[in-house]
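Report on the following structure.
The values are calculated or read from the model by the stated rules, or taken from the named source; none is laboratory data. As the structure is a computational prediction, the values presented were derived from the model and not from experiment. FYI the Cβ positions are ideal-geometry reconstructions off the backbone, even for glycines, and counts take in every protein chain you see. The accessibility values were calculated without ligands, DNA or RNA, using every heavy atom of the protein model including side chains. Shrake-Rupley method; radii C 1.70, N 1.55, O 1.52, S 1.80 Å.
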Amino acid sequence: MDNLKKVGLTALAGSLVAFSAQAGSLSASGGAKITYTADTGNEDVAHDGNRIGLQKSVSLSGSGELDNGHTVSLSQVIATTGSLTSTVLTYDMGDMGKLVYQEDSGDLGIGKIDDMMPTADEEVSNGIDTEAASNEGLVGKVDGGITGFNYSYSMDMATINVGYGMGADGNNDDGANSGAGSNTSSQSIAITATPMDGLKVFAGTGSKGTATQDDDHDTYGLTYAFGPLTVGYQHSEIDFEATSSNDNETDSFGISFAVNDNLSISYGEQETEADGQANDQEVEGISVGYSMGGISIKAHQNEGKNIANQADNVSEHTEIAVSFAF
């Protein structure tokens, strides 16, 4: 594996200092989201029950300023239907960038650019194969983990994200640890730049695996906006160390059109080719988004064929969402 990918990344874990701050106040932000889902997952799985979903989470956030002018902030989303919480602790150093530790909260490093295609709602992979009878999920998307450290630094035309993911995702209370010991960390870097008005280019590289397998993840692409139209292309590769796994390459493209200030529509496709597999995984989706004041209405319909490069493994997902901000 290319050692350049590890430069400065493992140091994030080795140079961290534990600290605590006196509690201040946390503020709660509100919102409401209700969805109607017509199809989801594998076509062989019946979904004849309640198709209405209601967002069930509470968001809390707070911050405080240190003597040196730096800011420490905490945000937490608590799911009221279970024990899962998403937590982000941010140390903002101003012009020196931001260092974040997060638990089950979004992406790290290369994961922040795993799918940059323009869309009016969700990614074309959203909801695909969520309940497949074969238990085979989509392949081809680069990954930097969701629990760990991320350092971001922005300059005039570019933003850099360096991620260090823990071997085991999850939530630990202070003084606790988790993981079976066989897991290893992920480490990656992503760069996004805007060299000219309307043009955004991005690239990332990293590795993710276990104690016996270290896989390389790479991606690059661009988006370009001119007038109401935005187009994009992205290429991703995952090289597996284990000879039993099939290296894969994914090509994606997307196009979105802003009909007016409130209404947008989009279409996207992904195709993943795996070494030694006769069938390419194909995913496509359309979406529409409308917003006015504190209400937004969004919908998308995604479809996947040959999921995990397996013939006749088909999955669909159709969703309509109404959100209110308050």
statement: Normalised per residue, the volume inside the convex hull of the alpha-carbon atoms of region 239-306 in Å³ amounts to 107
task: Quick one, can you get me the convex hull of the C-alpha atoms of region 282-326 expressed as volume per residue in Å³?
output: 57
- prompt: FRET efficiency for SER323 and ASN279, Cβ-Cβ distance as r, R0 = 35 Å, nearest 0.05?
  reply: 0.40
query: Pulled fully out, how much extra length does the chain show between ASP247 and ILE160, if you take 0.36 nm times their separation in residues and subtract their Cα-Cα distance?
result: 28.6 nm
- prompt: Length gain on complete extension for the stretch TYR36 to ALA311, per 0.36 nm per residue less the alpha carbon to alpha carbon distance?
  reply: 96.1 nm
message: Need one number: nm distance between label points at LEU54 and ASP261, each 7 Å from Cα along Cα→Cβ, rounded to one decimal.
response: 3.4
Percent breakdown of C-alpha pair distances by 10 Å bin, ordered from the shortest bin, for region 195-326: 11, 29, 32, 21, 7, 0
- request: May I ask you to give the solvent-accessible area per residue for region 238-326, in square angstrom, as obtained with a 1.4 angstrom probe?
  value: 52
